[in-house]
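Structure first, commentary second.
The values are calculated or read from the model by the stated rules, or taken from the named source; none is laboratory data. Just so we're clear, the structure is a prediction, and the values are computed from it rather than from any experiment. As a convention, Cβ positions derive from the backbone with ideal geometry for all residues, glycine included, and neighbour counts pool all protein chains shown. Ligands, DNA and RNA are stripped out before the accessible areas are found, and what is left, the full protein with its side chains, is counted by its heavy atoms. Shrake-Rupley method; radii C 1.70, N 1.55, O 1.52, S 1.80 Å.
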Amino acid sequence: MSDPAVSLFSRRRFLNAGGGTLLAPAIITAVTTLRGQQKADSNETLKVGLVGCGGRGTGAAAQALTADYNTKLVAVADAFDTQIESSIKNLSEQFADRVDVKPEMRFTGLDAYQKLLATDVDVVLLATPPGFRPQHLTAAVESGKHIFCEKPMAVDAVGYQVCMAAVEKAKAKKINLVAGFCWRYSASRIEAYKRVHGGDIGDITSVFASYHTGPVKPMPPASGRPKDMADVEWQIRNWYNFSWLSGDSIVEQAVHSIDKVVWAMKDTPPLFCVATGGRQIPAEGGNIYDHFHVTYEWDGGVQAHFASRQQRGTHSEVIDIVTGTKGKLVLGRGQYPYIEGEKRWRHREGERQMHQAEHDALFAAIRKGEVINNGDRMMLSTLVGIMGREAAYTGQKINWKDDAAPAAAPAPEGGKKEKGTDKAPERVALAMMSSKQDLAPDNLKFSDSFEPTPMPRPGETKFA
């Protein structure tokens, strides 16, 4: 296994002192056959590269090969050799004649993505732990590839800003950028939200979303860590349990539900949110919570309540309820969505599996010379998820913008004013869009020592 020193862009350098302007990253030299709106002839084989060979990445590769009969997987990249071999084996069993990854096109290590992007692949699938997504997305756009980008797209505020710069560059270069927020490609959900936005349930008064499941990738006991394995490698191998790699469960998994909340609100950001969360089930290592509850509020006082839990032996349910003045939309109970109220409706037709549908859309656009760019909405939903997490971590009210009115601080004990003041001090408003949070180390090697942020303690953990 290679152990290169890899720069995570030194992401703080992207933000200059003059107000957050993003500076251009180094350009990766690459050869591409398809750029911008150039139409791909149906007889032309589209070469696919996979970055991140875990379960989701392998699934994305299978969906890419299913989406277009004239595609081939020709390059793969992952931090670990074993992941690559397992992924290629599984895909070869499904697509025997369309998985053609020669030994020299199998890249390992933390810099593997750079080597893959320097090849002549036409489409790249980004499916590594999301802490790496900002640099991978930026590099993919720079290289001119068409992109499938798995959710979430960032785990902190600086990562969000890096990705937004890449989104804008992708627009300018007319590169296809399809996001892994798969519900947006579900025909039944598209129809459901179209009806909501068309007024079938009246004016929205509230939204409820739950993401109650079991644990996804539990942290192994510390005794299972090899004695010679350094911090960075141990954390990457157990990436879900560290916020700098996963963003925590609310950002990595439950962000699907937050994306549907934002969709219901016509892709506008909330004004503010307050939240609770914590860890009830002990874990040996890691720094993530196992439950959250967030209340977001939009203009007009419309509130969205989001709840998530990842604990064994508990009730599991993923559901979305959008309530309006004339009815409500229910997603999750039963096979298809339905509306109760003055305009009753239930989706009854079959539909394409949503993970497959997003790849169908991507490859169809490439063949037609069209451009899909999901960038704005995918980044909005990602940041709304981060915002909820930070409200829970800190125990503070988090505004979207810093022009929101600051909340008054509690009166001093006994109701007395501080000496020499005419009134109680005001609490400074905390704004998501002003955050400079950067959870990742600037540079790392597998052999490095790295101490992640401690388990958050509401009331003590500070908003960055």
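Scanning the stretch 79-98 turns up no residue that is open to solvent by less than 30 Å² (accessible area, probe 1.4 Å) and either in a strand (DSSP E or B) or among the basic types (K, R) (or both). Here H293 passes the criteria (1) open to solvent by 20 Å² or more (accessible area, probe 1.4 Å); (2) farther than 23 Å from S210 by Cα; (3) of a type outside the set (S, T, Y); (4) within 22 Å of the chain's Cα centre (by Cα) except the one numbered (2). Candidates in the stretch 259-294 are the residues that are of a type in the set (G, A, S) and not in a helix (DSSP H, G or I); of these, the one that is farthest from P129 (Cα to Cα) is A275. Residues in the stretch 167-189 that are in a helix (DSSP H, G or I) and either crowded, with 17+ Cβ neighbours inside 10 Å or touching a His at 6+ places or on another chain (Cβ under 6 Å) (or both): V167, K169, A170, C182, W183, R184, Y185, S188, R189. Could you go through the stretch 224-240 and let me know if any residue there is without any contact (Cβ under 8 Å) to a residue 40 or more places away in the chain and touching a helix residue (DSSP H, G or I) at 6+ places or on another chain (Cβ under 7 Å). Yes.
Scan the stretch 212-239 for residues that are in a loop (DSSP other than H, G, I, E, B) and in contact with a Ser or Thr (Cβ under 8 Å, 6 or more places away or on another chain) and the total you get is 3.
To keep it simple, each residue is scored yes or no on (1) without any contact (Cβ under 8 Å) to a residue 12 or more places away in the chain; (2) more than 24 Å from D360 (Cα to Cα); (3) part of a helix (DSSP H, G or I); (4) open to solvent by 10 Å² or more (accessible area, probe 1.4 Å).
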site	(1), (2), (3), (4)
V124	no, no, no, no
A140	no, no, yes, no
F148	no, no, no, no
M153	no, no, no, no
G159	no, yes, yes, no
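Quick check on H256: is it closer than 28 Å to S434 by Cα and not in a strand (DSSP E or B)? Here the answer is yes, as H256 does meet what is asked. Of all positions in the stretch 249-264, none carries a residue that is closer than 25 Å to S381 by Cα, among the basic types (K, R) and more than 19 Å from the chain's Cα centre (by Cα).
Per-residue answers, yes or no, for (1) modelled with pLDDT of 95 or more; (2) at positive phi; (3) open to solvent by 30 Å² or more (accessible area, probe 1.4 Å):
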residue	(1), (2), (3)
V31	no, no, yes
Q38	no, no, yes
E44	no, no, yes
C53	yes, no, no
R56	yes, no, yes
A62	yes, no, no
T71	yes, no, no
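If the condition is being open to solvent by 20 Å² or more (accessible area, probe 1.4 Å), within 14 Å of E191 (Cα to Cα) and in a strand (DSSP E or B), then the stretch 306-356 contributes Y338, W345, R346. If the condition is being out of contact with any Ser or Thr (no Cβ under 9 Å at 6 or more places or on another chain) and either at negative phi or buried (at least 20 other Cβ atoms within 10 Å of the Cβ) (or both), then the stretch 357-369 contributes E358, A361, L362, A364, A365, I366, K368.
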